[in-house]
Amino acid sequence: MTDAPLIVTSDLSVGFRTGSGLFGKALLKAVDHVSLDIRKGSFFGLVGESGSGKTTLGRALLKAVPMTGGTARFRDGEVDYDLTTLSGPSLKDYRKRAQLIFQDPYAALSPRMTVRDIIAEPLEVMGLTKTREETDARVRAIAAKCRLNLEHLRRFPHAFSGGQRQRISIARALVSGPKFIVADESVAALDVSIQADVLNLLKELQRDLQITFLFISHDLSVVAHTCDHVAVMYLGRLVESAPTRRVFAAPRHPYTKALFSAIPSLDPDDRGRGQKLTGEIPSPTNQPPGCKFHTRCPYTIARCRTEEPALEHPGDGHEVACHRWRELQETTVA
Amino acid sequence: MTALIEVSNLTIRFRTDEGLVTAVEDVSFTLGKGEVMGLVGESGSGKSVTAKALMSLNARNAVYGEDSRITLHADTGPVEVLKLKTARELKIVRGGAISMIFQEPMASFAPAITIGRQMVEQLQLHGDMSKARAKEISVEMLDRVGISDPARRFDQYAFELSGGMRQRAMIAMALSTRPKLLIADEPTTALDVTIQAQVIDLMKDLVNEFHMGIVFITHDLGVIAQTADKVSVMYLGRLIEEGPVREVIRNPKHPYTRGLIAALPKLDDLDAPLTPVAGDIPSPLERPAGCVFHTRCPKILGEVCRTALPGDTQVNPTHRVACHLYPPGGPA
């Protein structure tokens, strides 16, 4: 892993026009001024509840939804792309370098294609190989990396279990030789017993192929075990961002703390009712003023209701957007 | 503890184009009144099929074993669930003594009928009561599960509620007929952790208040540890381990249960490697002979596991395991 960032965003915003505003059309701010660096070769975790904008951010970085504000750059050493304006041949080239792995391996694979054809399709669509032999060689190589054998390639997806299907999806995403992969809840639909297997495979690919991952998940324990860095989103805003160990050892934002205490403990005697959040995430079309978390935050003061906290960079690499994080850190035992 | 429902030798096969497929095989357990049982296992382990059998909800191509029995101890006396045939007979269990909540609450509410009307309808179906009384009970239940402004929510449609609210409404509807047994099939899986924590707390409160038995189906052992009194672990249709929640989580016996616990990412030790249960669950069309887990078992003893079905061994009076590592009568 190097320190050079692969992706740098600055005030990146994504908005959608929705049909249901009282006065004409409302603007839904799904991603709101997010600035982050994803270092080359890292496993970058993005967490938050449904509606926090984590999926939209991932899609925006893949140029699957249009960005409506801010900038985003992609630098892999070979190319330097401004993602906000990317189009034409460079966009096509970017598609080869950035890929997505979906959540549901049952929906993501065409039931009418053999596994070989599923994995080969990106190569054919992007015109990356010239002959069938070349395509077959690439397919076989990547299939082997994803622990699929030749026998598997001839079959149709219905013959496979969830874990095997996810390995097929991964092979398909990797076949074009991408440098950047967005894995959106890629293990959420899998059973625990095979979830670990897929996670280990992703880590292996990160190491062996020097791929940078943006790992979107709502499962903090999975993120803790796989990611080098964690960013927490709430209602489109980045509220905390730091190396994994720091976040888990001493979370700074009350929202991050609440997320941790909501994880069901495996200890049957620890049925504590720690600090749990009440209420739900507000609708993104009707966002609260001030700090967006103030409606659910146990530490809200007057300032939180009116003034939105900026993401602070205290110099230790542990960024947080909260007016009160310093005093809260002093009063709570980490 | 008095028994609420007794399941013995439950075997369920489905007639399919590819022949008879075994989904559940020789499963027996007893659930007491007010007891919460966690039913754990991966997809294809037969946990949902088992739970649906308690209400006789499985599809028509289900074939039950000759000696399979499900006895529900209702207020009116014991009921043989699998002998109930007509819709009228089945009313005793469906929505009467037993209610069920599902993973996806949006799919469980009719989208074009208000939540209130659906609640009133089922109350009137099961009890002889006026519409006004049914509405009163429904609003009370909505309030009880923590839905704000219940009188207004009563007239709303399911799509107007958030995911967490919908799941609460689902629970309110399931409990309004005062069931003796609640079957909860992955009720928190589709929810965010923060909302999951709220729903779990709610369910714990309701168990104390209504004193009903719960069969809690989930693949999340953390949720089980937080809610259940006892745990039953299923694999490929067989119940392989059962015991009190503390016992099974702290002192698991079956290699599969051990594997499941080891596969969980743990927050208190970030350096521990993630260890999957090796291999994939076999297709139900290719059920292994002998112990169903032998194709993935790290502790396989040899021929005995490949050919002989392990019997139940009592580790202690409340904890049993079906594995050749623990021969009956031997040390466990």
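The values are calculated or read from the model by the stated rules, or taken from the named source; none is laboratory data. Everything numeric here is computed off the predicted structure, so don't read it as measured data. Quick reminder, even Gly has a Cβ in these numbers, built from the backbone with ideal geometry, and neighbours come from all protein chains shown.
Overview of results
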item	result
Within segment A:114-155, tally of residues that are in contact (Cβ under 8 Å) with a residue 12 or more places away in the chain and under 29 Å from B:G279 (Cβ atoms)	22
Total residues in segment B:189-206, condition under 17 Å from B:A169 (Cα atoms) and part of a helix (DSSP H, G or I)	12
Residues satisfying the stated conditions in segment B:150-162, i.e. surrounded by fewer than 18 Cβ atoms within 10 Å (Cβ to Cβ), touching a residue at least 12 places away in the same chain (Cβ under 8 Å) and in a helix (DSSP H, G or I)	B:A151, B:F159
Which numbered condition B:K299 misses (of (1) over 25 Å from the mean Cα position of the chain (by Cα); (2) within 14 Å of chain A (Cβ to nearest Cβ); (3) among the basic types (K, R))	(2)
Meets criteria (more than 20 Å from B:F102 (Cβ to Cβ) and buried (at least 19 other Cβ atoms within 10 Å of the Cβ)) for B:T194	yes
Residue among A:R140, A:R167 that is within 13 Å of another protein chain (Cβ to nearest Cβ) and under 27 Å from A:D76 (Cβ atoms)	A:R167
Total residues in segment B:163-186, condition away from chain A (no Cβ under 13 Å) and either assigned to a loop (DSSP other than H, G, I, E, B) or under 30 Å from B:P78 (Cβ atoms) (or both)	16
Candidates A:D197, A:D219, A:D184, filtered to the one that is buried (at least 22 other Cβ atoms within 10 Å of the Cβ) and among the acidic types (D, E)	A:D197
Breaking point among (1) under 19 Å from B:V215 (Cα atoms); (2) at pLDDT below 90, for B:T86	(1)
Residues within segment A:71-97 that are acidic (D, E), in a strand (DSSP E or B) and in contact (Cβ under 8 Å) with a residue 12 or more places away in the chain, tallied	0
Options A:T278, A:T256: the member that is free of Cβ contacts under 8 Å to residues at least 40 places away in the same chain, within 14 Å of another protein chain (Cβ to nearest Cβ) and not in a loop (DSSP other than H, G, I, E, B)	A:T256
Any hit, segment B:217-227, residues being facing another protein chain (nearest Cβ under 9 Å), closer than 21 Å to B:L325 by Cβ and of a type outside the set (A, V, I, L, M)	no
Residue within segment A:59-70 that is of a type in the set (S, T, Y) and not in a strand (DSSP E or B) present	yes
Enumerated helices (runs of 4 or more DSSP H) restricted to segment A:148-219, each holding at least 3 residues that are under 18 Å from the mean Cα position of the chain (by Cα) and among the aliphatic types (A, V, I, L, M)	A:162-174, A:192-209
Residue tally, condition more than 8 Å from chain A (Cβ to nearest Cβ), charged (D, E, K, R) and either within 24 Å of B:R306 (Cα to Cα) or not in a loop (DSSP other than H, G, I, E, B) (or both), over segment B:255-294	3
Helices (runs of 4 or more DSSP H) within segment B:9-115 that include 1 or more residues under 30 Å from B:S162 (Cβ atoms)	B:47-54, B:105-108
Residue check, A:A183 within 13 Å of chain B (Cβ to nearest Cβ), within 20 Å of A:C146 (Cβ to Cβ) and not acidic (D, E)	no
Matching entry among A:F180, A:F160 (being more than 26 Å from A:L91 (Cα to Cα) and of a type outside the set (K, R))	A:F160
Some residue of segment A:226-248 being at the interface with chain B (Cβ under 9 Å from one of its Cβ atoms), among the charged types (D, E, K, R) and closer than 17 Å to B:T194 by Cβ	no
Scope segment B:217-239; condition more than 15 Å from B:H319 (Cα to Cα) and among the small types (G, A, S); matching residues	B:G222, B:A225, B:G237
Conditions (1) surrounded by fewer than 17 Cβ atoms within 10 Å (Cβ to Cβ); (2) at the interface with another protein chain (Cβ under 9 Å from one of its Cβ atoms); (3) not polar (S, T, N, Q); (4) not in a loop (DSSP other than H, G, I, E, B): number failed by A:R271	(4)
Matching residues, segment A:41-80, being modelled with pLDDT under 95, under 22 Å from A:R207 (Cβ atoms) and within 14 Å of chain B (Cβ to nearest Cβ)	none
Within segment B:93-123, tally of residues that are free of Cβ contacts under 8 Å to residues at least 60 places away in the same chain and out of contact with any Ser or Thr (no Cβ under 8 Å at 6 or more places or on another chain)	10
Residue that is outside any loop (DSSP other than H, G, I, E, B), more than 18 Å from the chain's Cα centre (by Cα) and either at positive phi or away from chain A (no Cβ under 11 Å) (or both), where the choices are B:E209, B:E242, B:E247	B:E209
Residue satisfying all of: in segment A:283-298; surrounded by 17 or more Cβ atoms within 10 Å (Cβ to Cβ) and either within 14 Å of chain B (Cβ to nearest Cβ) or more than 17 Å from A:R237 (Cβ to Cβ) (or both); modelled with the lowest pLDDT among these	A:P284
